[in-house]
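Novice: Quick one: this structure, given as structure tokens, is what I'll be asking you about.
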């Protein structure tokens, strides 16, 4: 079964479904992992009800960080900002389907960190 997940990670790394940029977007955020040099930017569009209608990522990184970004964005389409705020490490690990060591875990969690920073930044802008 782990081979299936490894194949999924390689496939999403080589042919991501959500790679690109959205312009216009409702929020965008970018950050990097200084330990390895991975860099991710995430752009998100919302509808009138605050639900995610489109999302895209850009950047450079290892197979784990880029596959994680692609799978994460697929999972948030149709979700509210509150649902995104509730996402955690376990959701990322479930998406990837493999055990990760501490270094690779940081790679996998970078897209979630970027997405949540964008969501929380959006909330501050609306206040």
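Novice: Kindly indicate whether residue 50 is farther than 16 Å from residue 113 by Cβ and modelled with pLDDT under 95. Write out each step before concluding.
Specialist: On the way: farther than 16 Å from residue 113 by Cβ: yes; modelled with pLDDT under 95: yes.
Considered against the rule, which asks whether it is farther than 16 Å from residue 113 by Cβ and modelled with pLDDT under 95, residue 50 comes out as yes.
Novice: Now a separate question. Would the range 45-59 turn up any residue that is at negative phi, in contact with a helix residue (DSSP H, G or I) (Cβ under 6 Å, 6 or more places away or on another chain) and surrounded by fewer than 19 Cβ atoms within 10 Å (Cβ to Cβ)?
Specialist: Just the residues of the range 45-59 that are at negative phi, to begin with: 45-49, 51-58.
Keeping just the survivors that are in contact with a helix residue (DSSP H, G or I) (Cβ under 6 Å, 6 or more places away or on another chain) gives 52, 55, 57.
When the remaining residues are screened for being surrounded by fewer than 19 Cβ atoms within 10 Å (Cβ to Cβ), the result is none.
So far as the range 45-59 goes, no, none of its residues is at negative phi, in contact with a helix residue (DSSP H, G or I) (Cβ under 6 Å, 6 or more places away or on another chain) and surrounded by fewer than 19 Cβ atoms within 10 Å (Cβ to Cβ).
Novice: Considering each of 67, 56 in turn, give the residue that is under 12 Å from the mean Cα position of the chain (by Cα) and part of a helix (DSSP H, G or I). Explain how you work it out, then say what you get.
Specialist: Numbers: 56 fails: part of a helix (DSSP H, G or I).
Only one candidate passes the filter, namely 67.
Novice: Whether any residue in the range 46-53 is closer than 12 Å to residue 17 by Cα and in contact with a strand residue (DSSP E or B) (Cβ under 8 Å, 6 or more places away or on another chain) is what I want to check.
Specialist: Start the filter on the range 46-53 by keeping residues that are closer than 12 Å to residue 17 by Cα, which leaves none.
Among the residues of the range 46-53, not one is closer than 12 Å to residue 17 by Cα and in contact with a strand residue (DSSP E or B) (Cβ under 8 Å, 6 or more places away or on another chain), which makes the answer no.
Novice: Which condition does residue 98 not pass, out of (1) at pLDDT 95 or above; (2) surrounded by 13 or more Cβ atoms within 10 Å (Cβ to Cβ); (3) assigned to a loop (DSSP other than H, G, I, E, B), if it passes all the others?
Specialist: It is condition (1) that residue 98 fails.
Condition check ((1) closer than 14 Å to residue 30 by Cβ; (2) touching a helix residue (DSSP H, G or I) at 6+ places or on another chain (Cβ under 9 Å); (3) surrounded by 14 or more Cβ atoms within 10 Å (Cβ to Cβ); (4) modelled with pLDDT under 95) across all residues:
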position	(1), (2), (3), (4)
67	no, yes, yes, no
74	no, yes, yes, no
81	no, yes, yes, no
89	no, yes, no, no
102	no, no, no, yes
125	no, no, no, yes
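Novice: Of the residues that make up the range 104-121, is at least one exposed (fewer than 14 other Cβ atoms within 10 Å of the Cβ), more than 11 Å from the chain's Cα centre (by Cα) and free of Cβ contacts under 8 Å to residues at least 12 places away in the same chain? Step through it out loud before you land on a result.
Specialist: Our first condition is that a residue be exposed (fewer than 14 other Cβ atoms within 10 Å of the Cβ); within the range 104-121, this holds for 121.
Adding the requirement that they be more than 11 Å from the chain's Cα centre (by Cα) leaves 121.
Filter once more, so that each one left must be free of Cβ contacts under 8 Å to residues at least 12 places away in the same chain: none.
The answer is no, given that none of the residues of the range 104-121 is exposed (fewer than 14 other Cβ atoms within 10 Å of the Cβ), more than 11 Å from the chain's Cα centre (by Cα) and free of Cβ contacts under 8 Å to residues at least 12 places away in the same chain.
Novice: Take the residues in the range 21-36 that are closer than 16 Å to residue 59 by Cα, surrounded by 15 or more Cβ atoms within 10 Å (Cβ to Cβ) and touching a strand residue (DSSP E or B) at 6+ places or on another chain (Cβ under 9 Å); name whichever of them is modelled with the lowest pLDDT.
Specialist: 33
The values are calculated or read from the model by the stated rules, or taken from the named source; none is laboratory data. Given the structure is predicted, the values throughout are model-derived calculations rather than measurements. Backbone-built Cβ (ideal geometry, glycine too); neighbour counts: all protein chains shown.
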